[in-house]
Amino acid sequence: MSQIFQFFPKFVLEPRLEVSGKWVILSPIIAIILTLFSGVIIFSLLGKDPFLALYTFFVQPLTTMFGITELLVKATPLVLIGVGLAIGFKANVWNIGAEGQFTMGAVFGGGTALLCQHMESILVLPLVLVLGTLGGLFWGAIPAFLKTRFNANEILTSLMLSYVAVLCLSYLVHGPWRDPAGFNFPESQIFSDYAMLPILIENSRLNLGTMFAILVVLVAWILMTRTIIGFQLRVVGLAPTAAQYAGFKQSGLIWLSFLISGGLAGLAGIAEVSGTIGQLLPSVSPGYGFTAIIVAFLGRLHPVGVLFAGLIMALSYIGGENAQIEIGLPAAVTGLFQGILLFFLLACDVLVRYRFSHRSVLTGERCE
Amino acid sequence: MDLLPVALTIITASTPLLLAATGELVTEKAGVLNLGVEGMMLVGAIAAFAAAVSTGSGLIAILVGAFSGVAVAAIFAVLTLTCLANQVATGLALTIFGVGLSALVGSNFVGISLEPLPQLNIGVLSTIPILGDLLFGHDVLVYLSFLMILLVGYFLSKTRSGLILRAVGESHDSAHALGYSVLTVRYLAVLFGGFMSGLAGSYLSLVYTPLWAENMTAGRGWIALALVVFGTWRAGRIAFGAYLFGAITILQLHVQGWGINIASQFMTMLPYLATVIVLVFISSDKMKIRINAPQSIGKVFYPPR
Amino acid sequence: MRIKSFLREILAVFTIATISCVGVANAETKVGFVYVGPIGDHGWTYRHNVGRLAVEKALGTQVKTTFVESVKEGPDSERVIRQLASTGHKVIYTTSFGFMNPTLKVAKKFPNVRFEHATGYKQSKNVGTYSARFYEGRYIAGVIAGKVSKTNKIGYVASFPIPEVVRGINAFLLGARSVNPEMTISVVWVNSWYDPGKEGDAAKALIDQGADIISQHTDSPAPLQVAENRGVKGFGQASDMIKFAPKAQLSAIVNNWDNYYVERTKAAIDGSWKSQDVWYGLKEGMVKMAPYTNMPDDVQALAKKTEDAIRNGELHPFSGPIKDQTGKIVVEAGKVADAGMLLGMNFYVEGVQGSLPK
């Protein structure tokens, strides 16, 4: 039965000794060409002008100032969360529950904003941001605690706690935190201006949150490449046993990963609420916590890579909306297309770390 | 209150979880983490529904559903095993893809009704009071879910092929050194995972709620994934987990129906919290977890020189 | 100001024309719809989309409609609405409560675009609101249930504890008690508008607890399918769901946005559009009842009579005396509930099991 696949990997991939600089640039280009190519096929099959479709998907959103600011607004939470997750994933700590930490950031920060509704002080905003971050941090601390103390698998606990967090927010907004003047509809009051992140460009939604994201990318970059902690995180991820011999405490790194990723997800949550939404709603995230997992890997777990991946991902969402508006492409197609884009990006990414060589998998002999 | 119908409801609620988790167990035991269960289930659901509508045959529908799951799993397999793409990200992308694909195909099937699969009537057995209904009054997929988890449990622990599969998941380098084809084993394991997810999806659109609606899995694929971890990669515990989750989901609905004064959001949380709490108890025995968790899960395999 | 917006329109038209390479020179009016769910949900969004198609059919080449589906309430909605406004759409229907504040925000920036927001309570010069008195239909359903039920127990599969849903539950029970004072309602919240499996499970749980009438305020036909399977009766939601339950569906409360969308779009085209706040019911045809089926003739006659009475204003479902769960009279005899109470309803009437989150 092992013969079945013999013909298949005639060319096999083998790891490069070092990441190839040439392919770092080339692989996304190949991926995009392949995506465009398959886009042409799909859109033609659906009876749409394929070039117009691709234009509305990828270019048109960038032709207006508003489009660009919205791209940044959409990418901000993805990048903030993605950077945090990437740090954890490097250390093999699997935080799948950023959605919950994001939500808890919104709950804690938003709750603070509602409490301070009548305080006219410039201190309100920092307080809101800090408590939001702490909210995410706290929600991330629970799986860390369960992992280090009870050895409970963090994939399961963090995922399950996401559902719990979303239901908590739902309860608060349907119950105690309803706008008293809102006819019992499930929405909080609109935050006072003192709790809102300042807008950077007038007539847009671009706010200070985006600056946080850029700052976080820079800090994380320095952390991962220039500090001992970053080194430890990377070593643990690459060779856990070696790390143990070297005396790195695994539990410490689990805590660190969860606190960083939880805190950043929390910051993303409160930045979204006090930056773009301006009030608490029953649901504040269209799945950012899960999308950010893709962003983290698409960015090769590197802070700068995450920045680019976040932008690409955001563009694919905004492009999808745009394609619905401009050419009536159903949302299902945009999802399908987004999936294909990701498949190609992920598959081509391999060329950065591996190269083709001729040999048979089964025998291991080189046929070059 | 009569407990029998409650038990029957629990079985229906647990079956899709068990089916999908069984497949993912095999996939993960071979060392591959496929987070695309939700997407594969959706594709299975629409394919089975479409087949049932156009052919009228339950059996064909189930097969079409299952093999559509295999087809999308094959995309994942090629990307992660041959192209060595990251498994976590590819799995998530597979879900996005599956949601889109199923919605696109399904747009013509919205609002169509379907007769549910007939219940198996095993002769006189089905007429035994209570026991007859409880044990013998189900559709074929419920029995299949039990059969499959038993077979998979047996396969993994007692057979030579199962041993090879576990070896591949444990240490692909050693397995390769011993002369086993890591890729072949993993391909088959991933495709089996797709098969079972496809079955789970078919169950949703043919039996559970015989209709098609976009995103009708509503997160069940994620629960199935969590159950594999919850069950510490052991068949028996996974079955227990699926039924625990199903039971709490159903019982909280009953408690609400009695008119209890607790906000419904907290009741809806119960299954999630319960799984976490039970996992904490199960996990305290560190050795057991370490024995069962496949060590090279999610890691990329390339044959060494 | 006028010149500025005129320039903006020219610019918008120009952009579209260059981008899509299709002239928009003829006088076709672009109409946008923002949906919260997929058009394939066979529930809330599905019905709005049927309304959109009605606009296309009625106004033909005069209009070009656009829709964006599955727009999540939250950060995305404002962008989508603004995107529609800035690409030359003259009327924009935002069809979910959660789009209220984003709609108002965008409307401020686009004074020449008309916005219609469903189920909200905030209006402005260019934002009108519309909603349907579904509770009228639920009252009729209650009357039927009160006559048909043998166990005197109604099972209600509910989504989220918001006034709209609470109002529906109360109206249903008031209707049922108007013909049978023994009726009670058990409510199960599934915390989702849309999870067929769970909705079905909730219906099963309610039937197992003795309910022989199932009503739902969630989107999928699953609860009705369960009713069919278990041999009890139920009501369709949003659409006529008789296909899913030929033996079980007594009737269905149908959301009918068609006329409203056609009428308002016409008004926008001929310039007579003005912001308004409407709450239409059976009388205006925004709420319709599917054929009364699977019930004895006398019940059918009673249902029709009730429907007529509501339609011509002889009967208001929330007529006093109405007691809340604690037995306190909330609407006195001879009066009807005022608009504020109806809009923000946050109490159960006597006979509903369980309690609402405060």
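Spatially, the range C:88-105 and the range C:140-185 are offset by 33 Å when compared through their Cα centroids.
When the Gaussian network model of chain B links Cα atoms closer than 10 Å, the mean-square fluctuations of B:Thr95, B:Thr55, B:Thr80 top out at B:Thr55. In a reduced charge model with +1 at each Lys and Arg Cβ and -1 at each Asp and Glu Cβ, the range C:288-336 shows a dipole moment near 180 debye about its Cα centre.
A 28 angstrom limit on the alpha carbon distance is what I want to check against. Which of C:Lys109/C:Lys266; A:Lys147/C:Lys72; C:Lys243/C:Lys305 exceed it? Checking Cα-Cα distances, A:Lys147/C:Lys72 exceed 28 Å.
With a simple spin-label model that places each label point 7 Å from the Cα along the Cα-to-Cβ direction, the separation between A:Thr63 and C:Lys328 comes to 6.0 nm.
Please state the shape class of chain C: rounded when a/c is under 1.5, otherwise prolate if a/b exceeds b/c and oblate if not, all from the C-alpha gyration tensor. Prolate shape, in that a/c is at least 1.5 and a/b is the bigger ratio. The angle between the Cα long axis of helix B:264-283 and the longest principal axis of the Cα atoms of chain B comes to about 40 degrees, rounded to the nearest 10.
Comparing mean-square fluctuations of B:Gly65, B:Gly56, B:Gly257 from a GNM of chain B with C-alpha springs under 10 Å, the top value falls on B:Gly257. Positive-end ranking of A:Val107, A:Tyr354, A:Ser188 along the dipole of the protein assembly as shown, with charges on Cβ about the Cα centre, is headed by A:Tyr354. Under a Gaussian network description of chain C, with springs only between Cα atoms under 10 Å, the residue in C:Asn312, C:Asn229, C:Asn126 that fluctuates furthest is C:Asn312. The angle separating the long axis of helix B:37-55 from the principal Cα axis of greatest extent in chain B is about 60 degrees.
Would you compute, from DSSP H runs of 4+ residues alone, the mean residue ellipticity of the protein assembly as shown at 222 nm, taking -39500 (n - 2.57) per run and dividing by the full residue count, rounded to the nearest 500? Mean residue ellipticity at 222 nm (helix-derived): -19000 deg cm²/dmol.
The charge dipole of the protein assembly as shown, taken about the Cα centre with unit charges on the Cβ atoms of Lys, Arg (+1) and Asp, Glu (-1), comes to about 1660 debye, rounded to the nearest 20.
Cβ-Cβ distance of A:Thr225 and B:Thr159, R₀ of 41 Å, FRET efficiency by 1/(1 + (r/R0)^6): the value works out to about 0.30. Please label the shape of the range A:169-276 as rounded, prolate or oblate, based on the square roots a ≥ b ≥ c of the eigenvalues of the alpha-carbon gyration tensor (a/c under 1.5 means rounded; beyond that, a/b larger than b/c means prolate, else oblate). It comes out oblate by the Cα gyration axes. Projecting the Cα atoms of B:Met269, B:Leu165, B:Ser107 onto the charge dipole of chain B, computed from C-beta unit charges around the Cα centre, puts B:Leu165 farthest toward the positive end.
Other chains near B:102-108: what is the mean number of their Cβ atoms within 10 Å of each residue's Cβ?
Mean shielding by partner chains, rounded to a whole number: 5.
Round to the nearest 0.05 the FRET efficiency obtained for A:Ile214 and A:Ile33 when R0 = 22 Å and r is the Cβ-Cβ distance. With a Förster radius of 22 Å, E is 0.15.
Mind checking the dipole of chain B: about its Cα centre, +1 per Lys or Arg Cβ, -1 per Asp or Glu Cβ, Debye to the nearest 20? Can you show the working numbers first?
Details: 13 positive and 11 negative charges, 213 e Å.
Here the size comes out at about 1020 debye.
Suppose R0 equals 25 Å. What FRET efficiency, 1/(1 + (r/R0)^6) with r the Cβ-Cβ distance, do C:Asn346 and A:Ser121 give to the nearest 0.05?
0.15
Exactly which trypsin sites (Lys or Arg not before Pro) in the range C:147-200 are in a DSSP loop and have at most 12 other Cβ atoms within 10 Å?
Listed in order of number, the matching sites are C:Lys150.
A dipole drawn for the range C:183-304 from +1 and -1 charges on Cβ atoms has a positive end, and of C:Thr184, C:Asn229, C:Tyr292 the residue lying farthest that way is C:Tyr292. By the combined test of axial Cα extent (at least 18 Å) and Kyte-Doolittle hydropathy (mean at least 0.0), the qualifying DSSP H helices of chain A come to A:21-45, A:65-90, A:98-115, A:124-150, A:154-174, A:208-226, A:250-272, A:303-327, A:331-353. Shielding by partners for peptide C:64-73, expressed as the average number of C-beta atoms from other protein chains within 10 Å of each residue's C-beta, is 6. I need the shape label for the range A:75-312. Rule: rounded when a/c is under 1.5, else prolate if a/b > b/c, else oblate, with a, b, c from the alpha carbon gyration tensor. Judged from the Cα gyration tensor, the range A:75-312 comes out prolate (a/c at least 1.5, a/b above b/c). The aspartates and glutamates whose alpha-carbon is closer than 20 Å to the alpha-carbon of C:Lys147, local same-chain residues fewer than 8 away aside, are C:Glu136, C:Glu182, C:Asp212, C:Glu228, C:Asp297, C:Asp298, C:Glu307, C:Asp308, C:Glu350.
Amide H contacts under 5 Å for C:Ile92: C:Gly32, C:Arg114, C:Phe115, C:Glu116, restricted to partners 5 or more places along the chain or on a different chain, H placed in the peptide plane at 1.01 Å from N. Counting neighbouring Cβ atoms within 10 Å and putting the fewest first, the residues B:Ser174, A:Ser170 line up as B:Ser174, A:Ser170.
Against the longest alpha carbon principal axis of chain B, how many degrees, from 0 to 90 and to the nearest 10, is the axis of helix B:87-106 turned? It works out to around 40 degrees.
Read the figures in this text as sums done on the coordinates, not as results from a lab. Keep in mind the model is a prediction, meaning the values are calculated, not measured. Here the Cβ is made from the backbone with ideal geometry for all residues, glycine too, and neighbour counts use every protein chain on show.
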